[in-house]
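Inspection log for the structure reproduced underneath, given as structure tokens.
Taken together, the values in this text are just the output of simple stated rules run on the coordinates, not laboratory data. Computed from a predicted model, the values in this text were never measured in an experiment. Cβ coordinates were reconstructed from backbone atoms using ideal geometry, including for glycine residues, and neighbour counts include every protein chain displayed.
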Amino acid sequence: MELQAVLMAAGGGSRMTDLTFNTPKPMLPVGNKPLMWYPLNLLERVGFEEVIVITTKEVQKMMSTDSKMKLDVKMKLDVVCIQEDGDMGTADALRHIQQKIKTDILVVSCDLITDVALHEVVDLFRAHNAALAMLMSKAHEFTETVPGQKGKKKTAEQRDFVGVDHSGKRLLFMANEADLEDGLSIRKSIMRKHPRMHIKTGLVDAHLYCMKKAVVDFLADNKSISSIRGELVPYMVRKQFSKSTTGQKIKEDAEEQNQKKTDNSTNHELLISSRDEPLLQLAQERSCWNDHRGDMSEAYHGGKLRCYVHIMEQGLCYRVNTLAAYIDANRLAPKLFEEPAVHPSAVISERCQMGSDSIIGALCQVADKTSIKRSTIGNSTSIKEKVKVANSIIMHGVTVEEGCNIQGSVICSNAVIGRGADLKYCLVGNGQRIEPETERTNEVIVGTDQLMEI
Amino acid sequence: MADSGDTEGAGKNDEIERAKTEGKELTKEEKQRLRKEKKQQKKNKEKKEEKASQEGGKEKKHVSSESPASQPTTQTQTQKAPSAVPAQVPVPASETPAPAEKPAKSKAELKAERRARQEAERSSKQGKKGEASQQAATGKPKAPPSELQPVVKRLPEHVQADNPEVLKKLAKKLERQQIPLRSDYGYKVSLFSHLHQYSRKAPLTQQLGIPSTVIHPAIVRLGLQYSQGIVAGSNARSVALLHAFKQVIRDYSTPPNEELSRDLVNKLKPYISFLNQCRPLSASMGNAIKYIKKEISNISSQCKEEDAKSKLLNCIDCYINEKITLAAKAIAKYSIEKISDGDVILVYGCSSLVNHILYEAFEKDRKFRVIVVDSRPRLEGREALRRLVQRGISCTYVLISAVSYILPEVSKVFLGAHALLANGYVMSRVGTSQIALVAKAFNVPVLVCCETYKFCDRVQTDSFVSNELDDPDDLIVTRNGKTQLEHWQQVPSLGLLNLVYDVTPPDFVDLVITDLGMIPCTSVPVVLRVKNVDQ
């Protein structure tokens, strides 16, 4: 088998706590499908038959009851539950399942919605015998107004600095603004080997990594690394150019490895070597190809550890980890699939005006004289007469009484909107009750128990 | 002229074959003749409206060119009357001396039969000649010569990309093996429209599932490396292929009720089709595959699976060691005798063998300098230049357009080869024949270095019939911010041609240095025969 897929679905959604109070992030509805359905669908479309899903018990319970997951996902899901405390990082989770991993892995995050041609990333991994291949995309500006935001100013997110070589494929440098205190410093050895480096800041990391099995084994030995994105990837990118992994003979490597094993030292080196290494070396020597030109060194500068990145120029790539991203994803995700906009089991009265870009979920009831534009209505919601819904997301089990006017808002599950309420750019939390005839603009309406969480 | 040359060559081949299989050919010849008759009768029915006058004229010409060719073949045989008859009809010319050796039928009966058949064949020839002349016009010169050979040779499918039936057959075969079909890209120049042309931006893996289950991951990786050019060069491709096969064999387990010797060969077939789709196989790869298949089929059924596997892995290691590593050493030893102090050596492109020879010569303290000739679009010479300079050899670098300027300085030309064909022609990177030609004009000796495992028994006299078309977008280059050829597909009369190989005639090659010694170009069929007898 070539690759094993691992889906990380234990994340808490720390940047959108209002949404995830009652519903864990992997099960948030986007276009009336749970969020984790999208990466699973991507893997299924590409041809995977089995996925290891790392998640919490709560999500596992919800998965088994959700009809979408049961019907649409035909792959075999191997669910591994971990504790919900949130102290376990993604790398810790990989260490947890190390026994299940028999071959190279493809790690996907549950909040990724994309239509990327996955073979682009995996081809880089295969062709160059890379230790790591990842996916990044040009960041999109979020155009929709986010409820609860005071003013148009977005909080300055920590930027990522990504350095790639002249071909745009080889990853040379990766650091987050938070880690760079004084400035961005680049080692001379990198500059000598790759004199032309492009540093990009406007990229979104899709959190899709293709890694060699040796990396997982390395993680098992090095317990200090807890996050893939935050620690493992920058470490590997740096390690590409460190002296110990370049230009050494195979025998020396093997001897060192043996020595280290007998010493029982904790700092094990990340060594990528395969059987028949001499044959591979011979093939590379005899081949008249080089990945760079202008200096005297051989292909890849003799380095054994290589990290590659595929940067998507066009196409959809969203990481739904903030409220703005969630709203945008709801707008665009339905375009990925050709499912009918209106679920067949929904009951919609004839005198309802429904735009073509709205989605109505199963078992909905929409009464007369309502107008629904550019919105997503979840399953089992009931919308009474004379309601105007525009640019909004209404989740499952919501009741909207007559005469309401809902614009640009997010209504979470099981909420009740009283008669004649007027909500503009609001976020109504889970199970909330909006009093009739209220007018709210740009507010986050959550229960007091939610407010207690910090 | 090319035709008669071919028939002579074909005649010689027949002699060799006949010498080997005397006595067995009779019934074979009969069967082949009957088969041909049936074919021709079918074709005759289809093509009855062909122009008769054209055929008449062409046939006369063809017959006159055939008769001198057929006469030497008949004269060398000590046959009686039957040999005089076939001078008129070209096809059975080479076959007819053989029937005289038949003891069973009487000669009169044979004569009568033959005359009747010849009449039928001559009338059906009318249709066939018209067809053949038309096909020759569209660049398929192999059709007429193939009629003269007694063995019916089929055109390999990779040179019939413009024949829809062949394409359909190929698609069916690939579907059976669950391998996606790679589609051709862009407008093909008409002379080469019978070859496949693929784009590097549309890799075969697009249509494969990501955790490839049908094809072993090592083979997928290899196919990708071939199509992207990461593994390029005859030796490198063969070594990488054998390395991937080793992994396949390691991961292989015999299914129940199957024999390893038969099942493993069947498993390898789809992999080979896949690699062929990624990039057409080279002659060296073909020979390596033949060797492995032979080794696998020779495994006895008593052998346990683990023993069989380790034996196969050993065989592969031995093959690489003998045919590539040791051969390179032997060739280097012979070549060093030919390199003297003060030499100026010209090399073309990046040949791993030639580079190896130059390293060895430099180690042995020969004083020489090298001129590296390079050509677009591959510009492999830059890599050769880097490797030589890294060792301390002093080099000059020119592009192929300057080769006639630089040749007066050159004392020897060393060329690498992709394959050595059975008629002594050298198949190598495009541009090699040009260099050999110019060197000949300047009276500079041309030495070709080639290991024996690259010898193949194909016969080719021109670079059109069997070649490889690379991605035409490689020819697009951006200078000063302008890319002139960016929209070449929209210009209807423009076609980009990126040939990979060309064929050098043996007249331009002075010596071939192989691991068996230094031989003239025309001794290649002898080496092939010796190899076949050995194996």
Rh by Kirkwood over Cα pairs, then Stokes-Einstein D for the range B:276-368 at 1.002 mPa s and 20 °C, µm²/s | 132
Between the Cα axis of helix A:250-263 and the main Cα principal axis of chain A, the angle (0 to 90°, nearest 10) is 70
Of all GluC sites (Glu not before Pro) in the range B:409-496, which ones are in loop regions per DSSP and have a Cβ with at most 13 other Cβ atoms within 10 Å?
-> B:486
Just need the relative contact order of chain A here, percent rounded to a whole number, with Cα pairs under 8 Å and 6+ apart.
-> 15
Which net charge results when you count Lys and Arg as +1 and Asp and Glu as -1 among the other residues whose beta-carbon is under 14 Å from that of residue A:183?
-> -2
What Rg and what Dmax come out for chain A when only alpha-carbon atoms are used, in angstroms?
-> 24.9, 80
Value in Å of the Kirkwood radius, where the range B:464-503 supplies the Cα pairs that are averaged = 11.7
Place +1 on the Cβ of every Lys and Arg and -1 on the Cβ of every Asp and Glu in the range A:324-434, take the dipole about the Cα centre, and give the residue among A:392, A:347, A:380 whose Cα lies farthest towards its positive end.
-> A:392
Can you give me the three principal axis dimensions of the range A:333-403 from its C-alpha atoms, in Å, biggest first?
-> 33, 20, 19
So what is the relative contact order of the range B:245-377, in percent, for Cα pairs below 8 Å that sit 6 or more residues apart?
-> 22
If you take the square roots of the eigenvalues of the alpha-carbon gyration tensor of the range B:169-222 and sort them as a ≥ b ≥ c, do you get rounded (a/c under 1.5), prolate (a/b over b/c) or oblate?
-> prolate
The relative contact order of the range A:2-44, taking Cα pairs under 8 Å that sit 6 or more residues apart, comes to a percentage of 31
Roughly how many Å is it from the Cα centre of the range B:219-293 to that of the range A:1-61, as a whole number?
-> 39
Between helix A:37-46 and chain A: long-axis angle, C-alpha atoms, 0 to 90°, nearest 10 | 50
